[in-house]
Each structure stands twice: as C-alpha cells, then as structure tokens.
Amino acid sequence: MSTISTALRNFKEPTKEQLTQIFFSLPSAGLLDGLEKTDGQYVEKMDINAVLSLGVQGLEESYAGKLHLIAPYLAFASLDRKSVRFTIPLSTIRRVERLNARAGIYALSLSTWHGMKIIVQLTSLRPTADHFCSLLRDALKIELQRGQMKLVKGFTKTCYSEALVSETSTVADNEREDGSLISEEKEHAAPRESTYHGGLGLRFKFPGDPKKLREASKIKLWTTYLREHGRNLTLLRYPQCTRLVQVGLPNRLRGEMWEVLSGSMYLRFSNPGYYEDLLKKNIGRTSTSTEDIEKDLHRSLPEYAGYQSEEGIAALRRVLQAYSFKNPELGYCQAMNILAAAILIYMSEEQAFWLLEVLCDRLLPGYYAPSMHGTLLDQRVFESLVQRCLPIIHDHFQVVDVQLSVASLPWFLSLYINSMPMIFAFRIVDCFFCMGPKVLFQVGLAILKINGEKLLQIQDDGGFLNLMRDYFASLGDSAHPNSTDPRARAITRFQELLLVSFREFSVITDDMILSERRRFRNEIIHSIESFSKRSAVRNLKTLGRFTKDQAGFIYDALYKAMCVVPPPAPVNPPPILLTANDGAEDKPETRIGLKTFQYFLSEIATWARNEKIVMNGFQQRVDREVAEHEFIDRLFFFWDTSCRGALSFQDLVSGLDGVMFNDLMENIEWFFNLHDKNKDGFLTKDEVLTLSESFLFIFRYEVGDAYLGAVSRFMTNAFEYGDALLPQAEEGTENKSETGAEPPSPRVIESNQPYLNLATFRMVVLADEVLESFFETDLSASFRLEPVPDAEIPASANGLLGDLWSTIATDSNKKMFHMFTDEIGKTIGKHQVIHRPSIGRYTKLEEPKARESLLTPSMRKSPSKASLTGSGSASASTATLAPSSSSTLTVDVKGASAKASPQIPASASLSPMVQAVNARLMERTPFAIDDAKDDEDETDDELEGNDNDDQVMDEVDAFLEAHDSGLTDADKEVANDLIHAEPLK
Amino acid sequence: MLNAAQSFTSVRLATDSASGSVDKSVQVKLVLLGEAAVGKSSVVLRFVSNEFQANKEPTIGAAFLTQKCRLEDRVLRYEIWDTAGQERFHSLAPMYYRNAQAAVVVYDITKASSLEKAKSWVKELQRQANPNIVIALAGNKLDLVQPSVSSPGAASTSESEDEADDATATPGETPGALGEPASLRQVPREEAQAYATEAGLLFFETSAKTGEGIVDIFTEIAKKIPIEHILAATRGTGRPGAAGSRADGARQEGGVNLEENAAKSRDACNC
Ligand SMILES: Nc1nc2c(ncn2[C@@H]2O[C@H](COP(=O)(O)OP(=O)(O)O)[C@@H](O)[C@H]2O)c(=O)[nH]1
Ligand SMILES: [Mg+2]
C-alpha cells in the first residue's frame, strides 16, 4: 500500500544558466525537439552588454541592458530586468546588418519577420562584440539549414494578432462593442485566409460584459502596440505592454498573449503536430490519471456555458489526458482541471496543452507533483512573507491557531480561479503570466492586508474561510462606496486589490520568492518525508515484533538505500491491461530490486558491508562498502515471499522479523531454510557447500582462525554425517578415498538429492562452540537497527553558510579529502587499514575445540573420518577441502585465511550505481552563492521603480510612465543617431 | 502544516446574537475522509441541504460547510470539512483534521478497497488527530445493494458502539437482507461492523442518494461528543465528574428518541 518516493532528494537548485532560461521563458533543453535535427550543431551561449533602440524615431526610448544569444533564441533584458525585454526565435530574424556609425560604436540592425527593425549597440569591448556577432551568424545559419525560417509564416497565421493588425482585414474595426465580430456572421461568405487559434469563448462567449470590460478600446490600443512593437513570436515588451496587461487583456487576444508572455508559444512553435500525435498515439489508453480526470470533468468551471456542452468537456478531457500522457509521473492533479478549463476559454487545445506544460513545469514547479511539494513549499513561503509583511495578522493567526493555508492553498493551486469570480481571476492570471509567480504572493498579501481589521476578529479556520468567501464575492463592488468623489466611487474592490498588490507589495520579487523557496525547501522535504514514513509504518500489515520506532529505522535504511541506489522504475503493464479499474489505488507499491537491497542490508547487517578502519596519521575513519555475495542474493529471494523479484517495505520488515528475534534453535532452522532452496526439508550436497560459503562470507573479517576452523569442522562433520545417512547401497564404490583428502564422491549423488536434514544440521552445528554461539546470539545481533544519519539533501540549508557548507561537504569532496590524506599517510608510512569484523566476538587468536562428545556413537562409524582428525589448523582444512566440487570455495577460503595481509579491495569494487550517484553529486555547480548576491541587487532595483504601478486603474492612456532606460543623455544621443545610420558595406 | 495539533481550541460558545437569546450552541469541527468518489461530498450535501445531485463544487483541498444540529435542548453547530479525495492531497489532510472533534470516515460498500483506505484513515486519525476525536465509519451507497426503494425512516441504524455487538437485532434493520443484489456488495455489513467495534468507531451504512442513515451519523456523533466536558472546559469551572455522567444520560435519552421515530430526528437536524 505504501509508495516511497525519493524524488524530492534529487531536486537540484537551478543553475544560473537555467535561471536565465527561466527568466526568458525559454523551453528547457529537452523540449527543443527541433535541435536534434541539427546533428549536434550547437552554438555556445553568450551574453553581451547592449543598448536597445527601436528603428523608429521617437517611438520608444533606448534602453541599456544585456543581449543574450541562447540559440535558437535571441533575448534582451533592460538593466532593471523588467522595463524592457524580449525573447525572439532566431528564425524570425530576417536580416542582420552592421551599422555605419561613429567611430568606436559597434551596432547591429536586426530586421524581423514582421518588418520591425531592432537596433542593438554592443557596448562591450570590440573583440567581445566580434565574437558575439560571429556566434550570431553561425546560429542564424543553423536555423536556416534546419528550415525553421520557413515555418514562421505558417505559424504566424495561427495567431490572432496577425488578423488584428493586417490592413486588409481590420478585425478591430469589425468588432462591435459587445465583443462579437461582425465578420463572423458573414464568415461563410468569405472565409479568411488566416485561421487563428482561439478558445471556447469564440463560440460560447467570453465571461464578463464586453462593454464593461472595455474590450473595444483595449483591442485598439493593442492593435497599435502590436503593429509597432512586433507580435506573437517577435513581440518586444516595453513598459506599455506591461501596463496594457495590467488593465486586463482583451478576451480575443488573451490566449495568444498568455502564450507569448509565458513562453509556451515557443514550445508550440518548435513542436508542430506534437499534440495531435500524442493523442493519436495514446488513443483509448486509460490510467489512474484518466479516471481521475473523468471524475472532475463536470466540476471544472461548470458555470461556464462551454462546459455545459459536450464540446467543451471533450476539449478539456483531451487536453488533460494529453498532458497526463506526456508527463505520466505527474499525471493529473486536482486543480489542473480548473486551470485547463480556464485557459481553454481563451485558447485552442494545442495552445492550452503547451501552456499547461509551462505551468506545471516552470511557473508552478512541483505544485501538482505526486508529493505536491511545490504547493507545500510555496504555502510555507507565503506564510513567511505574511509574517514579515503583515506581522500583526500573522501573530493573531498564531494566537487563535488559524492556519493560513486553509484559505490560501486553493489561491495558489488554482491561480485564484477557484476563489474569485472568473473575470477578476483572469486579470490576475494576465499579470501572473506577464510579471511572474511573484504576483500570486503579492495578491495574496494584498487580500490579507485589505481585510486586515476583520481578520483580527476571526477566531478559527472556519471564520477565516467565511470572511474570504464574502470578500471575493464583493470584488465587483465599489471600494469607496461612501466617497463624494465619483472617481473614487468608481474604483472597484478588485481594482483596489491590484493597486495594493503591485504598489504596497512591489518589494516582493521573483528572486525573493526563489531565495525564500531555497530557505524552506529542506524543511518541507523533511516534513513530507517524515509524513510518508509515518504513513508507511502505520500502514504495515504487521509490525512483527518490532516497535514502531524500530520499523522507522528499517524505513530509514530502506529510504537511504533508495536514494543511493534508486530502484528501477516500476514497469507499467501495457495500456490494454490497465483498462479495468479493479478497485485498488493502482499506484504501485514501492519495491526494491537486488541492488538496492544490497545497500539496504549493508545499512543493517554488519556482515553485509565491508568496513575498513583507515588510519593515515591524520585521521582515523571507517570506510564502508556494500558487500556483494550470493548469500545476500539468497536472502533477497528468501524474503521475496510473493515471488515478485522485488521486495516491499513489508517484506523487509517481515524478513527481519524472521531473524532478529530468534533463539538458538530458531536461528539454526532459519539458516537451514535459507539454504534449502526447494524447501523439502533437506539440503543437497551442493547446498551444504553453499551454506559453508555463507559461513565463510559472514566470518570473513573475524580476527583469528576460530571461525575458519569452525567452518572447516562443520563441513567435515556435515559431509560425514550426510554420507552416513545416504542409502548404504553405494557403500562399495564409496570407500575409495584413501588419502582422506577426497570427500565422498559426487558421482553417486544426484545434484538435487536430499542430503542433510535439519536434525543433522542442528546436531553438527551444536557440536561446535563457535557456531553455537553464532546462532545463539551473534546472528541475530548482527542485524542492527540504529538511527540512520540523515542522508544529505542537496542544496542549501540556511543562507550563505548553508550554501557553502553543502557545496563543500558533498560525498565526493569528502572522498577526495580522504584520498588525499591517505596518499600522504602512505608516503609517511602511517597508512594502515584494518577490516572491522562483523561479529567481533574473538579479539585474539583462539583455538576452539569441537564438541565431539555430543556426537552419537552410531554416527561415528562413518567410513571417511580421516578428514575429521586432520581438522587442527585452518591451512590443513583448506587443503582438505580444495578438491571438493566447488572451486569458488577454495578461493574464498584462501581469501579469508589471507585476511591479515594488508590487501585492500580496490575502490573499483564500489558498485557502479554508487559511483554513478557520486558522479552526479559532483556535477552540481556551486552557483548558489552568486545567486544570493544577485538577490540583493535585484531588491534594490525593484524598490526604486515600484511606484510606477499605481496607475493601473486609470484609463489606458495614462499608463505610460517614465522608465529608467539606464542611459545618460550622451548615450541616448548615440542610440538616436543609430536609427538613421546606414548599413556598413 | 503536517502536524496535527492536539487541542480543543476550536470549540467555543457561540451566542445567537440575532435573537438575543441565551441559546448556546456548541461548535463542533467535523472532517470527512475517505477514498475518492465514495460519496463524501454527497453525504455532506444530503446532511446540509437534504438533496442529492452530481457534485458541482470543485473542491481544492477541502470544502467548508456548516450545519446546525439540535440535540435535546442544545444546538450543535457542525463545521464540516469535506476533504478532496485524490491520493496526493493526503499530506494536506492533517491541516483539515487538526483540532477536529469528530470525523466521518466514508467507504463505498460496493468497493472493497475503499474499506482498506478507510481503515488506514482511521489509524491515522487515532494516532495523529485529537486524542478524543469521535470517529464514525460510514459505508455509503447502500441504495445500490437494496432491491427496491426503501423508505429512509424504515431502516434504523445501529446504535453507538456500546451496543454494536447486538446491532443486528435492532428492529427494522435487515442487514444482508434477502433479495439484496449480492453481486454489487463487496463489503459485508458484518465485517465492517466487526471492524468498527474493534476499533471503537460508530458504524453506519448509509445512502446519500436515498438519505438513509445520513442524519443518524451526525446525531450519534453529537451524542457521543463530550459536550458537557467541552462546555465545562471552555467555562473553566466545570466539574468533570458531573459533566461525564450528564453526557452519559444524554446519550441514553437520545437513543430512546431515535427508536421512537427516525424521521423526527431528521427534522431536528435540518434546522
Ligand atoms: N448510488 C449512489 N451513488 C452515490 C451515493 N453517494 C454518492 N454517490 C455518487 O458517487 C459519486 C461520487 O460522489 P462524491 O460525493 O463526489 O464523492 P467524494 O469524492 O467522496 O466526495 C457521485 O457520482 C455520486 O453521485 C449513494 O449513496 N448512492
Ligand atoms: Mg468530494
């Protein structure tokens, strides 16, 4: 029933490079399918200081910033990282010219598919600029070869903005004030060439009153903006763009703008046909996800007309299913239905599919994952922001024990769509796509701040929820109903909310969110892990004789093993077999394979690991390696009672229960059964040999010859009594062994012939003091349940020092340090390695004696007793045993007897899995510190320009405010000159 | 967020200010848990507004509803938290069952695995939640295994756990009755009853569709909740001994009431 996931441990902080990609909304590498076609052609990434100007006099100011070449994209961000930015696919750049300008000025003119001219002045040193240009040239060439350039035309036709700005079909003018298109009614008469994508809203109307939403004026403003600043793939985002988004996107353009702002458009552009193919490939396939989706289809924005029709439901089903096929690990999580339903009102299925991908993958990371760690993390971050920004409310919540998340969880999980009336929620979504995930936090804080006084009255979770419910229901009301100023009266509570969000909480930046997430990540991971641990222990069918705490230790060892040696992903049965819902939560129970088991056992059983005590003059430490031996494999299959070839947590608990609490007799029987493969109550002769090998394996590091002698005697006796029990018929041929060196000939014994029964085995064991004490106490005691020290979670604990420490203290670094000191130790002759014994009963050489008296006289008449008498020393017994049927045995015995020599198993004996894990740990690059420094800078920048957002509620023409272009007047003059500069020949 | 605090803080006295009366109602936090689609939301909807319809409310995390329930001379105000069913929301559940005085763990009698899930919820509640929490186990969708439409009042439900052992003898109750379409039922009533008794739970078989057994869950819980104790604790002047015996008395009287007429108790609850 329990599934144990170590996925969270594998989380890696994004590198600086990845953060840049995220900032520019670029697809992560794996999603750029097109790139593979270039046969490994690849242009290195580069950024360069640049001043951006539009090639039209007086239209926009020039801005200083950084130009990034991240093939196949070109991206720019102004110094404040928010005033101006763009991300355009290189394939939309149709012409690049070096401009003939003043001496010392290096400038390029880029013409885009939409006929727009972008002028970038490269302000870095000349060689750097040259290098950038040559890279840009190479990257453009590759795009041409890939045929990407040709795709642009067809793609832009799917964009509504093209229809909007095209002079022939002036969509804007055809639009009535109510938002419906005049041309739509005569559509059949003259089908337009451009077939742009659109959502359910085109058929079922968009939510809200178009007149109140001022759709027509918004469309006009956007038409102008898009004509001058590029659109869809080539959109340049100047301050005006952000302002237009903040007053609410017009319904018809909304879908496309969401695509551009979120970057999902680049995915759709670079993966044409993917969505349709995915659906086709998986047609008829069902899974837990598809079942869950079915349950929720009819409760996804059911108030919207589109979802009262089969058309809307079907679209929603396809998009959610397609996503679950694309990302089966995430599959489907409740709340995704709300998101998908919302965006499908404004975009086509294909558009929605890619936007959902960006949402789940980048914008809301981990929100919908099976552990929902992203959700929990952001709730924690939000709580900490509330504590910081609204301490009085936070304190009150503490006092009355109200949990913020009971209200705020759905805000974040469904982008407020499930909490507010749709028309308002969509405006928050507009801002979210445009300004980033910080918007969710800003709005959340503003909601609490606005309701501050009432919140201080609430006494419990229920009261909190009711208050929030009432507030959201009143968002359309006037914020100042009693004001004498009609302008103030006209301000709605929703407008007030946005105002407060962006004005009073502009201090909240995306970088701050990132660093807060870093701060709390470990805490959240720990609480999720301890939660699953408690559930796993609680859900065990039987604890056996273990206490809950002990079961917890077993869980810890299992967990650690799974982190170090991840079990192979469970093989899903083919789709056809998944059709019937047979009831059980078909999340497969976590099971581990042999490799993981070996690691697990090495954590628990002393003999399942090789421990070397290393002294090199600087330090004394214990190096631990996982032992590999047939005995461990045997144990694995022995515990696999349901014969699945893999063990569950329950199997491990029951298995350990079967050995850890045993008394002498039970242990002997357990050991016997372990080696009785066909469970017929007899060991075959081969099995006796294997059993002896198991002994030798367990005793391999014991000091002195006591165990070796014991095993040797055991074998002699076992074979003696085994032979004695054989049918007497063979006696004639049997007694040939003159030298006594040859044990009973295997010729006469079938390999599967029963040879030794439990009673005999027991007797032979009890004849020996060493083995007796082994079974009496040592075997059970060799399994040790101790707290497993926390496996390190990658990434930081707290702040700078935490970052630093986690970077230094990786396993691989420790290994390097050890290797280093060992080397020095060797050169100065202080290096010394001792194997730590697994049992450790005998600390010096001891000569134990066989208890011959216990043997019954009748047994003694067994013919081949020569070997018995020769069992004085280990070396003698080795010689005696050598000719026996098992050759590996010889090796083992020799190895064991040679153990005193300083022979160190090479590090190559580390399992390759472990090495792979170490290698991965090594890959982590220590960018965390650099990032932290950046955070500070960003915050300062944000603080300066923050009052620009006030104007959001004024009508559209009042939006544009001065933005810091980061340029001096002289710089501006240069930039201005460039607009008129001629291309260099 | 993952820790269930174990206190009674959310219980307090609410005074009906509108009427100005001294009619004191006790607020009881109740959480619904169970596998997805067993009918949790339907059970709540039946209780709160006495209707049955396809669930239209998209639930993220948990839905929050309130309903008053009159018991004797006292009014209980149930604060009901109906949790979302998807397995991955499980780790959020403690947020909702923290401080709860009552829980209804629902399973679907036509789906055996849902009882297993219910048991696991019960275990979790008993370990993690308020130690005094009153837990009721509800086997829902009883209508699916009943041959004909049964009048909701006809089938009385079992008594509280004390009498659970001989619940089968309750007049009017015909568990595993003849003519029951046996193929659909996957959880025998006796099996669930035995488990509930062993685990110390109230037990009911219900149908949100017909309404059968729904109100009884909430009235029986109301009887079992140590209201006097809570009131005393809230006032800070209570005599625990007296409070305990008073609560016992109330429980018995309620029992009599129910046997008189189950329909009556329904009315009492839909105030
Ligand atoms: N026949 C029948 N169906 C029910 C009953 N209760 C719920 N359902 C149906 O079971 C499905 C799941 O119900 P819902 O209340 O959403 O379950 P939840 O996920 O546990 O909240 C819905 O289709 C309900 O109509 C019942 O008592 N009888
Ligand atoms: Mg529900």
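Only protein heavy atoms count here; under a 1.4 Å probe, A:ARG85 has an accessible surface of about 30 Å².
Annotation: the stretch A:373-525 has a Kirkwood hydrodynamic radius of 15.9 angstrom, from the mean reciprocal C-alpha pair distance. Sorted largest first by accessible area at a 1.4 angstrom probe radius, with every protein chain in place, the residues A:LYS205, B:LYS223 fall in the order A:LYS205, B:LYS223.
Each residue was assigned an accessible area with a 1.4 Å probe, and for A:LYS679 the value is about 140 Å².
What does the C-alpha gyration tensor say about the overall shape of the stretch A:267-363? Classify as rounded when a/c is under 1.5, otherwise prolate if a/b is larger than b/c, or oblate.
Values: a/c = 1.43, a/b = 1.22, b/c = 1.18.
In terms of gyration-tensor shape, rounded.
Using a probe of 1.4 Å on the protein chains alone, the accessible area found for A:THR20 is around 30 Å². Remark: the stretch A:532-542, residue by residue, has Karplus-estimated 3J(HN,Hα) of 5, 5, 4, 4, 4, 5, 5, 8, 4, 5, 9 Hz, where x stands for each Gly or Pro and the curve is 6.51 cos²θ - 1.76 cosθ + 1.60 at θ = phi - 60°. Here the Karplus curve 6.51 cos²θ - 1.76 cosθ + 1.60, taken at θ = phi - 60°, turns the phi angles of the stretch A:231-241 into couplings of 8, 5, 5, 10, 4, 9, 9, 9, x, 4, 4 Hz, with x standing for Gly and Pro. Taking label points 7 Å from Cα along the Cα-to-Cβ direction, A:GLU291 and A:ILE824 give a separation of 6.1 nm.
Provide a whole-number value for the mean count of partner chain Cβ atoms within 10 Å of the Cβ atoms in peptide B:80-89.
Details: counts 1, 4, 0, 0, 4, 4, 10, 7, 13, 7.
The shielding value for this peptide is 5.
Under 5 Å between amide hydrogens, built in the peptide plane, is the criterion, and for A:ALA335 it picks out nothing among residues at least 5 positions away or on other chains.
Can you compute the FRET efficiency between A:SER384 and A:GLN832 using 1/(1 + (r/R0)^6), with r the Cβ-Cβ distance and R0 = 60 Å? Round to the nearest 0.05. Please report the intermediate quantities before stating the final value.
Numbers: r = 51 Å, r/R0 = 0.84.
Computed FRET efficiency for A:SER384 and A:GLN832: 0.75.
Could you work out how far the C-alpha centroid of the stretch A:409-456 sits from that of the stretch A:211-243, in angstrom? So the two Cα centres are separated by 24 Å. When accessible surface is computed with a 1.4 Å probe, chains A and B are found to bury approximately 3900 Å² between them, both chains counted. Measuring nothing but how far apart in sequence close Cα pairs (under 8 Å, 6+ apart) lie, relative to its length, the stretch A:32-156 scores a relative contact order of 24 percent. In order along the stretch A:693-704, the Karplus-derived 3J(HN,Hα) couplings, from 6.51 cos²θ - 1.76 cosθ + 1.60 at θ = phi - 60°, round to 4, 4, 4, 4, 5, 5, 8, 4, 10, 6, 6, x Hz, and Gly and Pro are given as x.
Averaged across the residues of A:455-462, what count of C-beta atoms belonging to other chains lies within 10 Å of each residue's C-beta? Working shown, then result.
On the way: counts 0, 0, 0, 0, 5, 8, 10, 10.
Counting Cβ atoms of other protein chains within 10 Å of each residue's Cβ and averaging gives 4.
Once backbone amide H atoms are built at 1.01 Å from N, B:GLY61 has B:ALA84 as its partners under 5 Å, excluding neighbours fewer than 5 places away on the same chain.
The values are calculated or read from the model by the stated rules, or taken from the named source; none is laboratory data. In this text the structure is predicted, and so the values were computed from the model without any measurement. Because the Cβ atoms are built from the backbone with ideal geometry, glycine has one as well, and the counts that use them run over all protein chains shown. Just the protein is used for accessible areas: all its heavy atoms, side chains included, with ligands, DNA and RNA removed. Shrake-Rupley method; radii C 1.70, N 1.55, O 1.52, S 1.80 Å.
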